[in-house]
Ligand SMILES: Nc1nc2c(c(=O)[nH]1)N[C@H]1C(S)=C(S)[C@@H](COP(=O)(O)OP(=O)(O)OC[C@H]3O[C@@H](n4cnc5c(=O)[nH]c(N)nc54)[C@H](O)[C@@H]3O)O[C@H]1N2
Ligand SMILES: Nc1nc2c(c(=O)[nH]1)N[C@H]1C(S)=C(S)[C@@H](COP(=O)(O)OP(=O)(O)OC[C@H]3O[C@@H](n4cnc5c(=O)[nH]c(N)nc54)[C@H](O)[C@@H]3O)O[C@H]1N2
Ligand SMILES: [Mo]
């Protein structure tokens, strides 16, 4: 099993020097533009926040399962693996026998680590399927709105990324890149499953060298690296801007009627709205200016430029992570359709350039190996960001994507590979929701806030303490991930934990199929290799070499095949075309999502009534210094902190009126909650906007109080979790309105990365 000490993360491949059971140094491999996130790996295996022993919350051990407000405030009792397995198996059995499998929530959303076999979500879902199933979740926090709206508009959502127009095609063909939400390079380092290539920075340089121009709409200047024409509209108003651009195209005869007639349906219905035929309000640049703050003349000129050359309209994913988030991608496609360039090289629509590594990369010509998850006999599900609603409102009905669904009565929450205290909005409400269930189980290598809110905590290995391999659908390399070091303390692979649990519950053989983890790796590789239409080396050869290059499909343009032959390549929509008007959505009659893209005033915006009390828009965007909450204790993440708090960037004018200087600790608050943050003054941030990225581990000043201030800077104590609309119920974490004031006195210490108090109990084994 000896192999070079290289491995893969979601943000790149690296070579490690290992000493004393930990990663002592890392160097990037394969990439020409390595991610700074690699800096978080050093010391991560033996970090003080590791879970070193199976542990059970003291109150749960004493009083048994049941609703309680002690979660997050209690001590933990270390137990043996055998006792943990026994307790957990008995509790799962009790819940299933008394309430049925539907009472287990196993959505278990989260990114976990790279690795095709030891992928925590695949493992937990396979295990729960073996014991009769679980209530599951649909879609993601990334693309909650897109995942529902885009299949109805263009017949797919993932092909928008997996078969996106390649960077090289943009470099060679695009004249004008109009980017709603910028093209943030900090985000392009990352891909789910791992990535080895980071071509975006170089592509943008070559694009500019060829004479390409970038227009960025974003509250942050540095969402585009280097030269661009920057507009900083009021956050949340991109749909109004796109409507204004569309209005110019429609009224100046700049739209492509042939394209709209041949490839789209419902433009005329939409145009009635655009021109104000029914409501008397033309959505003109003059109408948009007071909404978005961008001068009408600039919008007129931009629309004309867009029609004069090869233009790619890109919409970042952040735009759909807000209330009415369905509208931005829908309107983006509509605008691109009016320009008539969808399917032409370098023109049309793009979604997620600058959001993830994947858009702009060449897809593999083959599938990847993956662990079969089995079949879930339970059909109950929720849209993923409805977790608090589900736990707080069992039995209540709600609308979702044309369906009327009922929230199940959840008794046990099972999490492996995610951190809801990172990903979910309105943490005070989430804490009250988690207090309602009988039992919370968490597998994680670290004492994350979610682990501290659990009853049963299962110490997992990190990806660097076990053998695995990984890759993603838009990366040419399959990469071997040999264990870099032995498992720390009592940590075990999730696979071993589930194998032991399955054995105890009488389904051991079904779960393991008689294979060890190492045998599974070989099995997954071999069965994958057998169905390929090209030759690959044996598993041993692959493992020895450390990576395997797979064929990719280069030169793609999104929807080129549809453009070439709209009959043969009809879209998977009711009309087979791009649905600018959707009769289905119209038929649902939702007040918050009409049959065509439309401007809705968001609740959390600067021109609304709420801004009188909370006059700043907080952008809770993706952190430049880590992936989500992962390795927040690592060097790159820690170097960015200000007096130990998460940095919050703000415009010099907003700082001046509050008497703030660089390095101050501030209290950021609204009527949902409050957190501390460290001030970084930066004129690249629009006025009336502050940026506090996600990912600082939640650290309540008083762990027993769900409304306590987070002393570390987690913006999700402030955000709203009410969902994008009745259509998708997507995550709306991107924006929230806040006020900021100087924190007076000595700020409380940050204890986020300290383990909880561990106490021994006489009866515990
Ligand atoms: N306000 C606001 N909130 C947001 C967002 C936003 O823009 N604004 N963005 C949202 C988005 S797009 C996303 S994708 C989510 C991300 O939310 P998550 O995916 O939940 O966040 P991560 O921090 O990646 O959590 C992964 C967890 O898996 C653990 N882990 C790693 N390896 C293993 C393993 O092998 N086994 C086990 N059991 N655990 C492992 C890590 O230690 C970590 O605790 O956040 C969302 N939340
Ligand atoms: N370094 C790093 N990279 C990541 C991640 C990470 O945690 N760390 N997470 C990954 C994941 S899971 C996902 S889903 C993607 C998410 O990708 P996105 O959702 O696109 O990423 P964000 O950084 O939240 O937002 C991108 C930019 O949009 C701008 N923006 C916010 N609101 C508005 C608005 O109303 N209008 C306009 N025009 N612009 C706005 C912000 O300035 C922000 O910097 O990122 C991925 N990449
Ligand atoms: Mo995401």
Unmet requirement for residue 607, which otherwise passes all of (1) in a strand (DSSP E or B); (2) over 27 Å from the mean Cα position of the chain (by Cα): (1)
Would you mind finding the one in 245, 302, 274 that is crowded, with 18+ Cβ neighbours inside 10 Å and more than 26 Å from residue 170 (Cβ to Cβ)? 274
Would you tally the residues in the stretch 446-463 being more than 10 Å from ligand 1 (Cβ to nearest atom) and either within 25 Å of the chain's Cα centre (by Cα) or not assigned by TED's automatic domain parsing to the domain that holds residue 539 (or both)? 4
Name the single residue that is nearest to residue 481 (Cα to Cα) among those in the stretch 519-538 being surrounded by 12 or more Cβ atoms within 10 Å (Cβ to Cβ) and in contact (Cβ under 8 Å) with a residue 60 or more places away in the chain. 521
Can you give me the number of residues within the stretch 703-731 that are out of contact with any strand residue (DSSP E or B) (no Cβ under 7 Å at 6 or more places or on another chain) and not in a loop (DSSP other than H, G, I, E, B)? 1
Would you call residue 603 modelled with pLDDT of 95 or more and away from ligand 3 (no atom under 16 Å from the Cβ)? yes
Which condition does residue 581 not pass, out of (1) assigned to a loop (DSSP other than H, G, I, E, B); (2) not assigned by TED's automatic domain parsing to the domain that holds residue 265, if it passes all the others? (2)
Do we find that residue 736 is part of a loop (DSSP other than H, G, I, E, B) and within 28 Å of residue 329 (Cα to Cα) in this structure? no
Step by step: first the residues of the stretch 691-702, then only those that are within 22 Å of the chain's Cα centre (by Cα) and assigned to a loop (DSSP other than H, G, I, E, B), then the one that is farthest from ligand 3 (Cβ to nearest atom). Which residue is that? 699
Can you find a residue that is within 16 Å of ligand 3 (Cβ to nearest atom), in contact (Cβ under 8 Å) with a residue 60 or more places away in the chain and not assigned by TED's automatic domain parsing to the domain that holds residue 404 anywhere in the stretch 358-379? yes
Failed item, numbered, when residue 741 is tested on (1) surrounded by fewer than 21 Cβ atoms within 10 Å (Cβ to Cβ); (2) away from ligand 1 (no atom under 13 Å from the Cβ); (3) within 30 Å of residue 138 (Cβ to Cβ): (3)
Reported set for the stretch 307-329 where residues are near ligand 2 (Cβ under 8 Å from one of its atoms) and in a loop (DSSP other than H, G, I, E, B) is 316, 321, 322
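Considering only the stretch 426-455, state which residues are under 24 Å from residue 44 (Cβ atoms) and touching a helix residue (DSSP H, G or I) at 6+ places or on another chain (Cβ under 8 Å). Quick ask: steps written out before the conclusion?
The first filter runs over the stretch 426-455 and keeps only residues under 24 Å from residue 44 (Cβ atoms), leaving 441-454.
If the condition is that a residue be under 24 Å from residue 44 (Cβ atoms) and touching a helix residue (DSSP H, G or I) at 6+ places or on another chain (Cβ under 8 Å), then 441, 442, 443, 444, 448, 449, 450, 453 are the ones that fit.
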From 184, 145, residue being under 19 Å from residue 317 (Cβ atoms), assigned by TED's automatic domain parsing to the domain that holds residue 200 and within 16 Å of ligand 3 (Cβ to nearest atom): 184
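Identify all residues within the stretch 621-657 that are farther than 24 Å from residue 193 by Cα and under 23 Å from the mean Cα position of the chain (by Cα); write none if there are none.
638, 640, 641, 645, 646, 647, 648, 649
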Output yes when any residue across the stretch 99-115 is over 22 Å from residue 436 (Cα atoms) and away from ligand 3 (no atom under 16 Å from the Cβ), and no when none is. yes
Long-range neighbours under 6 Å by Cβ, at least six apart or interchain, first residue over 19 Å from residue 133 (Cβ atoms) within the stretch 411-422, second assigned to a helix (DSSP H, G or I) and more than 16 Å from ligand 3 (Cβ to nearest atom): 419/450; 420/450; 421/449; 421/450
For the stretch 23-46, give me each residue that is under 21 Å from residue 445 (Cβ atoms) and either touching a helix residue (DSSP H, G or I) at 6+ places or on another chain (Cβ under 7 Å) or surrounded by fewer than 19 Cβ atoms within 10 Å (Cβ to Cβ) (or both). 23, 24, 25, 26, 37, 39, 40, 42, 43, 45, 46
Given the criterion within 16 Å of ligand 1 (Cβ to nearest atom) and either more than 32 Å from the chain's Cα centre (by Cα) or buried (at least 21 other Cβ atoms within 10 Å of the Cβ) (or both), identify the matching residue among 284, 316. 316
Please note which helices (runs of 4 or more DSSP H) are completely contained in the stretch 122-240 and include at least 2 residues that are more than 16 Å from ligand 1 (Cβ to nearest atom) and either free of Cβ contacts under 8 Å to residues at least 40 places away in the same chain or surrounded by fewer than 24 Cβ atoms within 10 Å (Cβ to Cβ) (or both). 146-154, 159-162, 167-173, 200-209
(1) surrounded by 24 or more Cβ atoms within 10 Å (Cβ to Cβ); (2) within 14 Å of ligand 1 (Cβ to nearest atom); (3) closer than 30 Å to residue 362 by Cβ all hold for residue 471 apart from (2)
Tell me, which residue of the stretch 613-661 that is assigned to a helix (DSSP H, G or I) and surrounded by fewer than 18 Cβ atoms within 10 Å (Cβ to Cβ) is farthest from ligand 1 (Cβ to nearest atom)? 656
Could you tell me whether residue 300 is at pLDDT 95 or above and outside any helix (DSSP H, G or I)? no
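The values are calculated or read from the model by the stated rules, or taken from the named source; none is laboratory data. Quick caveat, the model's predicted, so the values are computed rather than measured. Glycine also receives a Cβ, built like all others from the backbone with ideal geometry; neighbour counts cover every protein chain displayed.
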